[in-house]
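Please read the structure below before turning to the comments.
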Amino acid sequence: MSGVRVLVGTRKGAFVITSDGTRKRWDVGGPHFGGWEMYHIKGSPADPNRIYASQSTSWFGQTMQRSDDGGKSWQPVANKFVYDGVPGTHQWYDGTPHPWEFKRVWHLEPSLTDPDLVYAGVEDAAIFRSTDAGMSWAEMPGLRGHGSGPRWQPGAGGLCLHTILLDPNNPQRMFIAISAAGAFRTDDGGETWQAINQGLRSQYIPDPNAEVGHCVHRIAMHRSRPDTLFMQKHWDVMRTDNAGDRWTEISGNLPSDFGFVIDVHAHEPETIYVVPIKSDSEHYPVDGALRVYRSRTGGNEWEPLTNGLPQQNCYVNVLRDSMSVDRLDPCGVYFGTTGGQVYASNDGGDSWSAIVRDLPPVLSVEVQTLS
Amino acid sequence: MIRVVLPPHLKVLAHVQNEVVLDVDGPPTIASILDAVEGQYPMLAGTIRDHVTHKRRPFVRFFACEEDLSHVSADTIVPAAVVAGKEPFLIIGALAGG
């Protein structure tokens with residue numbers, strides 16, 4: 001019997017929402033960790049019962065949780081994230097040097113093959129790794145050791161490493177993205193990294209074509225084509241077909257190419273989804289209508305998906321880690337809003353319904369496909 | 001034996017319902033009390049003070065015997081009534097909101 005488990009992180013706790021393969025009736029579990037900000041919760045592809053969660057508050061900082069039974073019970077694991085060596089400085093908002101300071105874990109990426117191996121993307125931007133199921137963490141210092149590190153500058157949300165993509169065909173290769181430094185790739189298991197921002201153009205930085213400084217909001221990959229990546233940048237939707245060596249714009253007919261989320265259909269590598277947001281000064285949908293846009297041609301040609309979504313007086317946002325897909329057929333698509341709704345489509349985006357409403361603002365949505 | 005009251009979020013994290021009672025090694029200072037808290041409840045390490053610098057987190061306060069001990073040296077001996085177990089050492093999440 002197939003089913004799905006939706007892991008929802010919010011400003012005030014985590015929720016675990018489940019359904020069978022029909023994805024018509026939903027059971028909402030939680031809140032777990034009530035009152036805590038849950039930036040990200042993600043399950044291991046190698047063991048779906050193993051789930052990692054990032055838990056934080058402004059008062060008590062970062063803690064980490066792990067479940068070994070599919071989210072029924074949790075145990076605290078290590079929360080000590082210490083930068084390797086002398087941390088040095090990055091740029092502050094005013095351009096002055098600012099010491100690297102750990103603030104929180106934004107994103108967790110479990111290994112595709114080893115349930116005890118998990119990567120953490122943190123603010124101030126760095127990548128950490130645990131090889132013992134979260135019981136200890138060590139920085140992979142090659143990333144911050146990239147020569148551009150001292151020039152990285154935070155976006156409005158902080159200098160956060162928010163995206164980690166693992167290449168299913170090449171365990172030595174991974175991709176990460178940082179707001180507002182850009183995208184980086186390693187081909188040697190994280191020892192060294194290269195900036196992969198050629199083709200990005202950002203009018204809000206002094207040199208629009210700079211090597212680093214681009215505010216990448218999210219990158220997505222289809223596991224069958226790991227050299228093809230799709231990017232929602234601050235403005236512009238982009239794609240690369242050579243693992244980031246060169247990006248091209250695919251915003252096409254989108255009503256706004258600002259947004260945060262982007263994801264790829266589980267079975268159609270050229271079908272992608274975004275949620276256009278009006279602008280970076282108005283973080284809500286265009287015309288107050290919540291519309292997912294789908295391209296079935298790998299970009300440029302987009303169609304609005306509105307069936308079941310509010311088409312008036314809707315002023316929510318959809319944050320960067322808040323969209324996910326399942327692997328059932330038809331593919332399910334999910335996203336959460338800052339208004340506390342989690343919407344799901346069990347037909348690839350043709351129709352939508354809220355599987356839960358009135359949660360705290362949603363920070364992240366991940367889906368596990370269970371069999 | 002020193003009594004320590006944790007803020008609600010940290011009680012949940014440490015799986016305790018009420019105040020905790022601790023044996024403190026050496027002089028009963030703020031630092032040694034926090035050492036004992038973290039020794040008995042390792043999941044609280046880093047939530048009250050920084051892992052490395054041991055600097056108090058900005059939104060955490062320490063009270064005892066109607067005194068604010070948040071800004072004194074961590075090597076300060078806590079009041080005699082706390083040492084005697086008559087009064088608790090309070091770890092507080094600073095008020096915030098509006």
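In the range B:76-98, what residues are crowded, with 17+ Cβ neighbours inside 10 Å and at pLDDT below 95? Listed by number, the list holds a single entry, B:G93. Return the residue satisfying two criteria in turn: it lies in the range A:86-141 and is surrounded by fewer than 16 Cβ atoms within 10 Å (Cβ to Cβ) and of a type in the set (G, A, S), and of such residues it is nearest to the chain's Cα centre (by Cα). Within the range A:86-141, the match that is nearest to the chain's Cα centre (by Cα) is A:A138.
Do we have A:W92 as of a type outside the set (G, A, S) and in contact (Cβ under 8 Å) with a residue 60 or more places away in the chain here?
On the way: of a type outside the set (G, A, S): yes; in contact (Cβ under 8 Å) with a residue 60 or more places away in the chain: yes.
The answer is yes for A:W92.
When residues in the range A:276-298 are screened for being part of a loop (DSSP other than H, G, I, E, B), in contact with an Asp or Glu (Cβ under 8 Å, 6 or more places away or on another chain) and crowded, with 20+ Cβ neighbours inside 10 Å, 1 of them pass. Regarding the range B:70-88, can at least one residue be identified that is away from chain A (no Cβ under 14 Å) and under 10 Å from the mean Cα position of the chain (by Cα)? Yes: the range B:70-88 contains one or more residues that are away from chain A (no Cβ under 14 Å) and under 10 Å from the mean Cα position of the chain (by Cα). Of the candidates A:F230, A:F260, the single residue that is within 25 Å of A:V316 (Cβ to Cβ), among the hydrophobic types (A, V, I, L, M, F, W, C) and in a loop (DSSP other than H, G, I, E, B) is A:F260.
Restricting B:V16, B:V12 to those that are assigned to a helix (DSSP H, G or I) and within 14 Å of chain A (Cβ to nearest Cβ) reduces the list to B:V12. Candidates in the range A:59-78 are the residues that are under 23 Å from A:R320 (Cβ atoms) and within 9 Å of chain B (Cβ to nearest Cβ); of these, the one that is surrounded by the most Cβ atoms within 10 Å (Cβ to Cβ) is A:T63.
Of the residues examined, A:Y39 is not one that is part of a loop (DSSP other than H, G, I, E, B), in contact (Cβ under 8 Å) with a residue 40 or more places away in the chain and more than 14 Å from every other protein chain (Cβ to nearest Cβ).
Taking the criterion of being aromatic (F, W, Y) and in contact with a Ser or Thr (Cβ under 9 Å, 6 or more places away or on another chain), the residues of the range A:65-117 that qualify are A:W74, A:W100, A:W106.
The values are calculated or read from the model by the stated rules, or taken from the named source; none is laboratory data. Here the structure is a predicted model, which is why all the values come from computation and not from measurement. In this analysis, Cβ positions are derived from the backbone assuming ideal geometry, glycine residues included, and neighbour counts consider all displayed protein chains.
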